[in-house]
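Worksheet for the structure shown next.
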Amino acid sequence: MKDYGRELRVADHLRESLAEILRHEMRDPRVEMVSVTDVRVSRDFTSANIYVSSLKVTGDEQQQELISVLNGAAGFLRSAIARHSTMRTTPRLAFHYDLLVEEGPRMGALIERAIAADRRTAAADDEDG
């Protein structure tokens, strides 16, 4: 049986630890203002996919550079997590840019437009019928 509670606790611990390490221990200016938005841990706890976003990143090229920097520092970050943790093993880290953070407002606007169009159609049908 799968222990979702443990996976969630480990993911939360990794998210909090990484946020703290990125803020206080990593000296690379390219990772300033990076937010850890989600962490997904494998079933066997050997790897974790880390999703990040940044207010400083404006395009695909900067996203790729940020992810490259973070994946290049994955060993350092993994060691730092191990120092701050009581976990038996620390998962391998793989960083990904979280596109949902940027797509969310756009999707919200599309939904609002669709709702407004439905209301206009319903109002027109009421007038006709």
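Among the DSSP beta bridges whose two residues both lie in the chain, what percent are antiparallel, rounded to the nearest 5? Antiparallel bridges make up about 55 percent of those DSSP assigns within the chain. Split the chain at each of the GluC sites (Glu not before Pro) in a DSSP loop with at most 16 other beta carbon atoms within 10 Å, and the longest piece is 33-129. Amide H contacts of THR37 (H built 1.01 Å from N, in plane; Pro and chain starts excluded): TYR51, VAL52, SER53 sit under 5 Å, all sequence-distant by 5 or more or on other chains.
Sequence-distant contacts, meaning Cα pairs under 8 Å at least 6 residues apart, place the relative contact order of the chain at 23 percent.
Per DSSP H run of at least 4 residues, take -39500 (n - 2.57); add these up for the chain, divide by its residues and hand me the 222 nm value, nearest 500 deg cm²/dmol.
-19500 deg cm²/dmol, from helical runs alone.
Summing Cβ point charges (Lys, Arg +1; Asp, Glu -1) relative to the Cα centre of the range 9-129 gives a dipole of roughly 1000 debye. The 3J(HN,Hα) values that the Karplus relation (6.51, -1.76, 1.60; θ = phi - 60°) gives for the range 76-91 are, in residue order, 4, 5, 4, 5, 5, 4, 4, 5, 9, 10, 9, 5, 4, 10, 9, x Hz. Gly and Pro appear as x. Around THR89, under 13 Å between beta carbons, what's the net of Lys plus Arg minus Asp minus Glu among the other residues? Taking every Cβ under 13 Å from that of THR89, the sum is +2.
Here the Karplus relation 6.51 cos²θ - 1.76 cosθ + 1.60, evaluated at θ = phi - 60°, turns the backbone of the range 108-118 into coupling constants of x, 5, 5, 5, 4, 5, 5, 5, 4, 5, 4 Hz, with x for every Gly and Pro.
FYI, it's all coordinate maths here, none of it is from the lab. Given the structure is predicted, the values throughout are model-derived calculations rather than measurements. Virtual Cβ from ideal backbone geometry, glycine too; neighbours counted across all protein chains shown.
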